[in-house]
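The values are calculated or read from the model by the stated rules, or taken from the named source; none is laboratory data. These numbers come from a predicted model, not from an experiment. Backbone-built Cβ (ideal geometry, glycine too); neighbour counts: all protein chains shown. Only protein heavy atoms, including side chains, enter the accessible area calculation; ligands, DNA and RNA are left aside. Shrake-Rupley method; radii C 1.70, N 1.55, O 1.52, S 1.80 Å.
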Amino acid sequence: MAKVALSSIAKSFGATKVLDGIDLDIADGEFLTLVGPSGCGKSTLIRIIAGLEHQDAGSLAIGGSRVDHLRPHERRVAMVFQSYALYPHMSVGANIALPLTMARLRLWQRLPLLRLLSAERRAVMRGIESDVAAVAAQLQLGHLLDRKPAQLSGGQRQRVALGRAMVRNPDVFLMDEPLSNLDAKLRVHMRTELAELHKRLGTTFIYVTHDQVEAMTMSDRVAMMDSGAILQLGTPSQLYEKPASLKVAQFIGSPAINLLPATVAEGGRVELFGRPLALSVPLEPGQAVTLGLRSEALSLVQGEPGGGRAWFSARLRRKENLGSEYVLHFDLAGRDATGVTMRATPAVAAGVNEAAEVTLGFEEAAAHVFAAAGDRVEPRGQGAATASVVPLRAGA
Amino acid sequence: MTLALASASGPAPAARRRLRIERVTGLGFALPAFVLLLLTILLPLAVLLWLSFTNYEFGGVDMDWVGLANFRKALADPIIRRSLVNTLLYVAIVVPGGVLGALLIAVLVHRRKRTRSVYEVIYFLPVTSTLIAMATVWQFLLHPSLGPVNGVLKWLGLGPVAFLSEPSTALATLAVIGIWQLLGFNMILFLAGLTAIPRDLYEAADIDGCSGGIDRFLTITWPLLGPTTMFVLVTTMITAFKIFDTVAVMTRGGPVGSTEVLLYNVYLEGFQYFHTGYAAALTFIFLAFILVFSAVQTFALDKKVHY
Ligand SMILES: Nc1ncnc2c1ncn2[C@@H]1O[C@H](COP(=O)(O)OP(=O)(O)O)[C@@H](O)[C@H]1O
Ligand SMILES: [Mg+2]
């Protein structure tokens with residue numbers, strides 16, 4: 001049980017700056033995910049929190065007190081590694097017990113031969129065994145305690161690594177891509193298990209992944225990182241619905257957000273393919289902007305385009321069947337480089353023919369506008385309430 | 001029931017034929033390797049065994065079948081017994097020194113980042129230099145009156161020690177030289193073993209509270225070096241058991257037989273006295289020991305050190 005506070009954490013390896021002044025406050029009991037492309041510094045950050053790496057600048061507090069000078073095990077954190085890092089020569093039981101034997105026995109009581117002299121050792125070991133058994137039962141590992149890690153499946157190894165982390169009742173759980181060595185099906189299953197484990201334990205979880213689906217499905221809050229900085233911190237829905245920058249918008253969501261080139265016309269009105277939209281932004285006319293549209297924001301327009309809805313023409317390239325729904329891939333008419341994706345029900349998808357030209361429409365309120373530098377631009381009058389879009393469109 | 005019986009009576013003729021062809025093909029592929037094994041190893045061994053049952057003398061024109069007489073003589077021969085004891089004593093000093101010393105150096109060198117390769121080269125030098133050449137250096141170093149070792153001892157107030165000509169110190173001195181020559185090679189093997197231990201195991205151990213040097217060594221390094229240690233142990237034992245060159249050039253088995261070792265006696269019997277049959281029997285005894293060392297590795301310890 002502890003909150004974690006990072007302030008201006010910086011780290012370089014030689015001349016490469018890996019972390020650039022990270023500020024992050026993680027609440028007690030929160031499930032916070034660090035997500036970002038590979039190489040953006042997520043592992044370095046979590047390793048600094050664990051104490052495996054030392055920051056060049058900035059400070060770190062766990063549970064309200066500074067821990068910069070503490071060694072990893074003194075920080076009361078537990079870590080699950082991507083490789084699981086199980087001790088290959090020890091049984092599952094011994095793997096899970098190790099943090100406890102280290103904490104509860106003195107050095108001489110752990111040494112070969114010398115430990116036979118200790119009278120209290122047996123009592124301590126019995127206590128450790130029952131604690132290990134309790135953790136193993138929670139993770140359905142009870143029947144595997146005598147096996148070696150090499151004799152376990154990937155999912156079981158993963159659970160042993162979790163057990164080794166849980167057994168000490170740490171204040172903070174750190175996990176560095178713990179699911180990336182599992183096959184797809186097990187990964188989905190373990191997502192649920194981890195989320196439930198977090199709910200049951202109520203401990204602070206800091207979770208690193210490059211997979212935005214993991215970040216979106218499990219976390220209370222997500223910190224999206226890129227090039228050693230946090231681009232946006234917020235709940236999964238905040239990141240999805242109000243991405244702070246083009247990079248966040250592109251990274252979060254599957255299929256990836258559709259990006260269309262647009263320009264700012266007189267009065268800040270946004271123009272898409274030469275047609276003005278019912279959308280105006282506080283930018284100078286003539287500037288190029290990027291319009292972001294989620295695939296579910298698009299829909300087919302039957303009959304004549306217009307009628308109060310923004311539209312553009314497209315040609316179907318490919319249908320992707322996901323079972324419950326389809327993802328339709330379109331090429332934009334006359335623009336080979338840009339394509340868009342649209343989610344559709346099987347019924348709607350059945351009505352679209354390959355290579356047929358269709359009209360796609362969207363509500364301007366659902367569009368994200370990004371300035372040329374990549375920052376999000378709030379449309380005028382839309383910041384307060386989405387309802388204010390209606391009069392704008394009425395005026396169009 | 002009848003169906004089960006029919007299927008149990010063996011595969012169909014076609015399948016049986018295919019099986020036979022497969023078997024012949026397999027033998028065909030194995031044949032070249034087997035012939036090579038036969039010609040280079042098994043045949044010489046058979047000749048050796050046959051010789052050990054005769055009283056053949058090198059250069060002689062005839063020989064007699066003497067049965068086990070050579071072996072009986074060897075086991076009763078006090079010189080052979082003494083040389084066997086000396087050899088085992090030598091092994092008993094060189095193995096712990098050469099294995100534990102190399103392990104210690106490897107652990108220390110492994111931690112060095114930039115200077116590691118320098119240390120590797122330095123410790124490996126004795127391996128690359130021929131022992132015969134280095135023996136002269138040792139002889140000078142250990143010389144009772146001229147050698148710097150005795151110079152230091154004298155400076156410390158200790159009397160000069162005639163390391164190689166004193167029966168009580170000669171074998172131990174040879175053992176130290178043996179260790180000196182083995183350390184580098186064993187260290188390289190241990191370094192390879194250390195490098196193969198994943199770094200994140202040490203990091204996991206750090207987080208689990210296993211961060212002291214002794215704990216880390218006992219919990220991770222030592223167990224995970226098991227297979228390497230096993231290999232180093234057995235090769236060191238065999239190398240030490242084959243001690244010959246330092247004895248031949250530095251002591252010739254003396255003083256008063258204190259450094260007579262098994263292989264040196266084989267050499268004397270076979271190449272100085274030309275008792276070829278007797279030397280063959282001694283060689284067989286020698287090989288029996290080597291076999292025991294290898295068997296210990298294969299059967300007794302191999303299972304325990306792998307995980
Ligand atoms: N020990 C190290 N020495 C040098 N560079 C490193 C080291 N660890 C990480 N890096 C570099 O730091 C950057 C961030 O690495 P990392 O934190 O592992 O990224 P992520 O986990 O987000 O994929 C990478 O460019 C990587 O090459
Ligand atoms: Mg990483």
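Side notes on the structure shown:
- Some residue of region A:81-93 being within 14 Å of ligand 2 (Cβ to nearest atom) and surrounded by fewer than 20 Cβ atoms within 10 Å (Cβ to Cβ): yes
- Selected residue (only one of A:G142, A:G127, A:G63 is away from chain B (no Cβ under 14 Å), touching a residue at least 12 places away in the same chain (Cβ under 8 Å) and out of contact with any Asp or Glu (no Cβ under 7 Å at 6 or more places or on another chain)): A:G127
- Considering A:A365, A:A349, the condition of being in contact with a helix residue (DSSP H, G or I) (Cβ under 8 Å, 6 or more places away or on another chain), in a helix (DSSP H, G or I) and within 23 Å of A:G253 (Cβ to Cβ) is satisfied by A:A365 alone.
- Matching residues, region A:225-259, being among the charged types (D, E, K, R) and within 16 Å of ligand 1 (Cβ to nearest atom): A:D226, A:K247
- Meets criteria (open to solvent by 10 Å² or more (accessible area, probe 1.4 Å), free of Cβ contacts under 8 Å to residues at least 40 places away in the same chain and either within 16 Å of ligand 2 (Cβ to nearest atom) or basic (K, R) (or both)) for A:R221: no
- Here region A:153-163 is the region considered, the condition is being open to solvent by less than 10 Å² (accessible area, probe 1.4 Å) and not β-branched (V, I, T), and the residue that is farthest from A:T209 (Cα to Cα) is A:G163.
- Filter result for A:R164 (more than 10 Å from every other protein chain (Cβ to nearest Cβ), part of a helix (DSSP H, G or I) and not β-branched (V, I, T)): no
- Residue match in region B:109-116 (condition: closer than 30 Å to B:P223 by Cα, open to solvent by less than 30 Å² (accessible area, probe 1.4 Å) and either assigned by TED's automatic domain parsing to the domain that holds B:K242 or in contact with an Asp or Glu (Cβ under 6 Å, 6 or more places away or on another chain) (or both)): yes
- Hits in region A:195-217 (condition: farther than 19 Å from A:D171 by Cα and more than 16 Å from ligand 1 (Cβ to nearest atom)): A:V213, A:M216, A:T217
- Residue among A:L34, A:L45, A:L52, A:L70 that is of a type in the set (A, V, I, L, M, F, W, C), in the same structural domain as A:T203 (by TED's automatic domain parsing), within 16 Å of ligand 1 (Cβ to nearest atom) and more than 28 Å from A:F251 (Cα to Cα): A:L52
- Within region A:1-19, residues that are within 14 Å of chain B (Cβ to nearest Cβ) reach no partner that is within 16 Å of ligand 2 (Cβ to nearest atom) and in a strand (DSSP E or B) with beta carbons closer than 6 Å at six or more positions or on different chains.
- Extreme residue, farthest from the other protein chains (Cβ to nearest Cβ), among residues of region B:208-223 that are β-branched (V, I, T) and surrounded by 17 or more Cβ atoms within 10 Å (Cβ to Cβ): B:T221
- Residue match in region B:166-174 (condition: at pLDDT 90 or above, surrounded by fewer than 17 Cβ atoms within 10 Å (Cβ to Cβ) and of a type outside the set (A, V, I, L, M, F, W, C)): no
- Region A:95-114: number of residues that are away from chain B (no Cβ under 11 Å) and either aromatic (F, W, Y) or touching a Lys or Arg at 6+ places or on another chain (Cβ under 6 Å) (or both): 1
- Some residue of region B:1-13 being open to solvent by 100 Å² or more (accessible area, probe 1.4 Å) and at pLDDT 90 or above: no
- Hey, A:S237 in the same structural domain as A:G21 (by TED's automatic domain parsing) and open to solvent by 50 Å² or more (accessible area, probe 1.4 Å) or not: yes
Condition check ((1) within 16 Å of ligand 2 (Cβ to nearest atom); (2) open to solvent by less than 30 Å² (accessible area, probe 1.4 Å); (3) at pLDDT 95 or above) across all residues:
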| position | (1), (2), (3) |
| --- | --- |
| A:A2 | no, yes, no |
| A:S7 | no, no, no |
| A:G14 | no, no, no |
| A:D23 | no, no, no |
| A:P37 | yes, no, no |
| A:C40 | yes, yes, no |
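- Looking only at residues in region B:58-74 that are in contact (Cβ under 8 Å) with a residue 60 or more places away in the chain and open to solvent by 90 Å² or more (accessible area, probe 1.4 Å), the one that is nearest to B:Y267 (Cα to Cα) is B:F58.
- Count - residues of region B:224-234 that are modelled with pLDDT of 90 or more and either within 11 Å of chain A (Cβ to nearest Cβ) or closer than 12 Å to B:Y202 by Cα (or both): 2
- Filter result for the condition that a residue is closer than 30 Å to A:M125 by Cα, within 16 Å of ligand 2 (Cβ to nearest atom) and hydrophobic (A, V, I, L, M, F, W, C), over A:L52, A:L100, A:L70: A:L52
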